[in-house]
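Since the structure comes first, as structure tokens, the remarks are kept for the end.
Read the figures in this text as sums done on the coordinates, not as results from a lab. Predicted model only: the values in this text are computed from it and were never measured. Here the Cβ positions follow ideal geometry from the backbone for every residue, glycine too, while neighbour counts run over all protein chains shown.
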Amino acid sequence: MKKIIYSIAVISAFILTSCEKEEDKESFQSLDSFFENQEVESVVKSFNAEEGVQFTTNKGTVVTIPENAFKDQNGALVTGEVKFKIKEVFSTSDIIFSEVFPIANGDPLNSGGEFFTEALQGGLNLNLAEGKDIKMEMPAQAEDPNMELFFAGEEEFIDTIDWGNPIDTGFVWENDTNNQGWVDEAWGTGLYSGFTFQDASGTYSINIDRLGWGNIDAFLYVNYFDVTFNCIGVEGLNASNLTVYSVFKDQNTVWPCGEGYFGSIDGNVVSESHLADVPMNVLAIAVVNEQLYYGILDVTPEQGIEYDIEMQTITSEDLEVLINNLP
């Protein structure tokens, strides 16, 4: 049984009109080079470690770092200028282009906001000093009373992230006191981290005792089944130039299709054995002969159905607009 589901009419009309413009033409050597061009930017703030700093990112996160907050790899307190980096992975396009997916133990998460933090002096990584934490007021990308705090690796660019199990913090809704109650645990493990949701401002108030990747997430409880997607309309597709994602509707969730243990890409055929039974937009992105292509399906997948995704040319700017306007 085969169903062909066509692109969202309004978005497609806008894109087709834009793509006809000669000045919009661009080329990419490969799918990897396209993704490199779309990499989510970080904010880097330089300041005196002995004084601390507070600053606001372009995405609205307020970061507060106390005085004397860092130690070097030998455990010595750091003085002088340090550089602090924060990367915010908030939107659907941020998740796709950073390839930092909200997934834990093979299950999708609804992301309230992913972030990466790092501190450097002279090119060397620093750690937070004992008893010092960084506070962030982060705009909530999703709200759920079951949100939890997750940590992952300390490297900014890694092949895959599985957020694993959440840190056992004392999350509370709104402004109640957050008492973790940990005794004699090592600082810097995440156990002294926590967060609250500020309903009035729509923000998460987060304190972290460790650097690296963090995420405010809630588990989604869904059923899984096998689905096949055929990407049609362009020749020469394969696993090196084609990638496909399911973007859950009304959730800040992206699932990579046809990858890893649960799927594969063979030519233009994308097989996925772990697709959720929820309303979604399935997005395909490809680069063939230096041309960028996309395809999109508005669908609630059904078990064993084979779906066709019609591929069309697009510009990188229009693709980002399309992604971030998906419901």
Mean-square fluctuation maximum in Gaussian network of the chain, Cα pairs under 10 Å, restricted to Phe219, Phe55, Phe150, hits Phe55
To the nearest 500 deg cm²/dmol, what mean residue ellipticity at 222 nm is calculated for the chain from DSSP H runs of n ≥ 4 alone, each contributing -39,500 (n - 2.57), summed and divided by the residues?
-3000 deg cm²/dmol
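What GluC sites (Glu not before Pro) does the stretch 46-92 have in DSSP loop regions with at most 10 other beta carbons within 10 Å?
On the way: sites: Glu50, Glu51, Glu67, Glu81, Glu88; in loops: Glu50, Glu51, Glu67.
Here the GluC sites (Glu not before Pro) that fit, given the DSSP loop and packing criteria, are Glu51.
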Dividing the convex hull volume of the Cα atoms of the stretch 42-219 by its residue count, what figure in Å³ per residue is obtained?
116 Å³
From the residues Phe150, Thr313, Tyr221, which one has its Cα farthest along the dipole of the chain in the positive direction, the dipole being from +1 and -1 charges on Cβ of Lys/Arg and Asp/Glu about the Cα centre?
Phe150
Give, as ranges by residue number, the residues of the stretch 74-111 whose backbone N falls under 12 Å from the point 7 Å along Cα→Cβ of Ser42.
83-88
Note, ³J(HN,Hα) from phi for the stretch 62-72, Karplus 6.51, -1.76, 1.60, rounded to Hz, x at Gly and Pro
9, 10, 10, 10, x, 5, 6, 8, 10, 10, 8
Of all DSSP beta bridges having both residues in the chain, the percent classed as antiparallel (nearest 5) is 90 percent
Amide H neighbours of Glu50 at under 5 Å, excluding residues fewer than 5 places away on the same chain, with H built from the backbone geometry, are Asn68, Gly80
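With contacts defined as alpha carbon pairs under 8 Å and 6 or more residues apart, what's the relative contact order of the chain in percent?
Values: 769 pairs, mean separation 66.5, N = 327.
RCO, the chain: 20 percent.
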